[in-house]
Amino acid sequence: MTTTQNAESTKQPSPPGSHPQRWLILGVICLAQLTVLLDNTVLNVAIPSLTKELHATTSDIQWVISAYSLVQSGLLLTAGSAADRYGRKKMLAAGLVLFGVGSLVAGLADSTGQLIAARAGMGVGGALLMTTTLAVIVQVFDDSERVKAIGLWATVGSLGFAVGPLLGGVMLDHFWWGSIFLINIPVAVIGVVAVLALVPESKNPRGERPDLLGAVLSTIGMTGVVYAIISGPDDGWTSATTLTSAAIGVVVMAAFVTWELRIPYPMLDMHFFRNQKFTGAVAGAILVAFGMAGSLFLLTQHLQFVLGYGPLDAGLRTAPLALTVVALNLTGIGARLLPKLGTPLTIASGMTCLAAGLAAIALLGGDSYGGLLAGLIIMGAGIALAMPAMANAIMSAIPPEKAGVGAGVNGTLAEFGNGLGVAVLGAVLNARFAALVPVSAASLPAALAAADSAGERARISDAFSSGLETSQLVGAVAVLIGGLLAAALLRRAERADSPAVAST
C-alpha cells in the first residue's frame, strides 16, 4: 500500500461498510436530510396562507417553490465534486449552516420577492446537504447493506413528507406563516453538532476541481426552460416572453453539454449516459420526482380550496402517502424484493403503482377523501419500491471515488423532477382553469372573491377541480411511460453485461 493510500485509509473506511458506527452515522445523516425535506413539505401546506397574506399569485407560489429547486439543481453537481475534493463532512456541516441562515431570512421576509430570494439562498445549503448525505452512505456501507441503508435514507425523506404537513398545520394554526421556516433552525443546529461529533471525514485528495462555469450554465439553462413553462399559461405559449425564455434555456443547456464534453474535469461526465443502466435509472428518478412533487403541489390546494379542509386537517390527510413508504421501507420489503425481482422489474412495478395512484386521485378523489386516500396509499407503495432501487442503480453505475458527483447526479434529477413537476402540472392546471373560467383573476381565491353569486363560485370551484383532475392524469401518464422506459433500458443493460461476464 502506498503512502497516499495509507493517508486515505485514515479518512474513510476501507473497505466501505467496515466502519463500526455506520448505523449511528446513518442516523445523523438522516437528521440532516430531514432538515431539507421538512422545509419543502411544510411549504406545500402553507400555499393558501401565502396566497392570502402575501397576495401571491399562482406564478409567485410556483417561483417560491421552484427558486429553491432550480438553484439546488444547478449546484448539486458542483457541490458533490467539491465534497469529493475538500471533504464530505466539511460540506455537510457547511450545508446545514447555510440552510439554517437561509431559513431565518425566509421566515422574516415580508414580500414574495424577498421570500423567493431567500429560498434561492437556501438552495445553496440544500445542494451541499443532498450530495453529502448520500455520498457518505456510499462510503460507509458495503454492497450487501447499501440498498437497505438507502431505503432507510429514503424512509426518512418520506417521514419528512408525513411530518412536514402536520407540523406545518400546527404552526399555521397558532403562528404566522414565517414560522414554518424558523422551525428549521433548531434542527440545523442539532444536525451541525452531531455531524461534527460523529461523521468521519472522507475525501479523494486527487478529486476533480469544481466546474463553476458548468454550474452557471446548467442553472441558467434549467431556469430558462422552467420559466417558460410557468409563464406560458399567463403570457401565452407563443408569446415573446415564453419563446425567448425557452430558447435561452435550450441554447444554454446545449452549451452546457458541449462544455462538459470538452473540459478535462466536467462536473457531469456525459459518457455516463452511454451506460444504459445509468440512463434508465436517470429517466425513472426524474419522473418519480415529477409525479410526487407535482401531485403534492396540487393535492394540498385541492384539500384546502375545493374540499374545504384547514391547513392541519389537510396535512393529516396527506400523511398516508409518506406513512406507507415509511412502513414498507422499515420492514425492508423493497430491499428484500430487489434481489428477487431484479432492478428493472422492481422499478417498473413501483412506477406503475405510482401512476395508478395518481390516476386514482384524479378519477376517484374529486368530491370525497376516500378516493384520495386510496390513491395516496398506492402511490406510497410505488415510491417505496422504486426510489431505493433507482438511487442504488445510479450510485452503482458511477465510480466510488466520485461518490459525491454520483450523489449530485441523483439529487439533481430529483430536484429537477420536483421543479418540473410543479411547473408542468401547475401549468396544465392553470391552462385548464383559464379555459373553463375566462376571468382575469390570477388564482382561485381571487376568482372566488370576484364571483358575485353562489352559482358562479360553484362553477369556479368545479373548474379548479377539473384542472386538478387533468393535471393528475398527465402526471400519471408521464410516470407510467417513464417506468416502462427505465425498465426497458435497465433490462437491455443487464443483457449486455451478461455475455461480458460469461466470457470472463
Practice task
For region 339-355, take each phi angle, set θ = phi - 60°, evaluate the Karplus expression 6.51 cos²θ - 1.76 cosθ + 1.60, and give the result in whole Hz per residue in order, putting x for glycine and proline.
Solution key: x, 7, 8, x, 4, x, 5, 4, 5, 4, 5, x, 6, 5, 4, 4, 5
Problem - Mean Cα-pair separation over length for the chain, i.e. relative contact order, pairs under 8 Å, 6 or more apart, % - result: 23 percent
Handout entry: Relative contact order [Cα under 8 Å, 6+ residues apart], region 257-345, whole percent
Key = 10 percent
Exercise for the section: Would you mind working out the accessible area per residue for region 219-300, using a 1.4 Å probe, and quoting it in Å²? Expected result: 42 Å²
Exercise for the section: Just check region 79-179 against the gyration tensor rule for me: Cα atoms, a ≥ b ≥ c as the square roots of the eigenvalues, rounded for a/c under 1.5, and otherwise prolate or oblate depending on whether a/b exceeds b/c. Expected result: oblate
Practice task
Measure up K148/K402; K52/K89; K203/K340 against 30 Å on the Cα-Cα distance and list the ones that go over.
Solution key: K52/K89; K203/K340
Exercise for the section: Mind grabbing the accessible area of D313 for me, 1.4 Å probe, Å², rounded to tens? Expected result: 70 Å²
Practice task
Distance between Cα centroids, region 378-398 to region 168-199: provide it in whole Å.
Solution key: 28 Å
Fill in the blank from the handout: Where a ≥ b ≥ c are root eigenvalues of the Cα gyration tensor, a/c under 1.5 meaning rounded, otherwise prolate if a/b exceeds b/c and oblate otherwise, region 245-331 counts as oblate
Problem - Distance between modelled label sites at S239 and A458, nm, 7 Å Cα→Cβ extension - result: 3.4 nm
Completion exercise
Quick note, region 215-362: a/c under 1.5 would make it rounded; otherwise a/b > b/c is prolate and the rest oblate (a ≥ b ≥ c, C-alpha gyration tensor); here it is oblate
Problem - Separation of the V170 and H55 label points, Cα + 7 Å toward Cβ, nm - result: 3.4 nm
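The values are calculated or read from the model by the stated rules, or taken from the named source; none is laboratory data. The structure presented is a predicted model; accordingly, all values stated were derived computationally and were not measured. Cβ coordinates were reconstructed from backbone atoms using ideal geometry, including for glycine residues, and neighbour counts include every protein chain displayed. Just the protein is used for accessible areas: all its heavy atoms, side chains included, with ligands, DNA and RNA removed. Shrake-Rupley method; radii C 1.70, N 1.55, O 1.52, S 1.80 Å.
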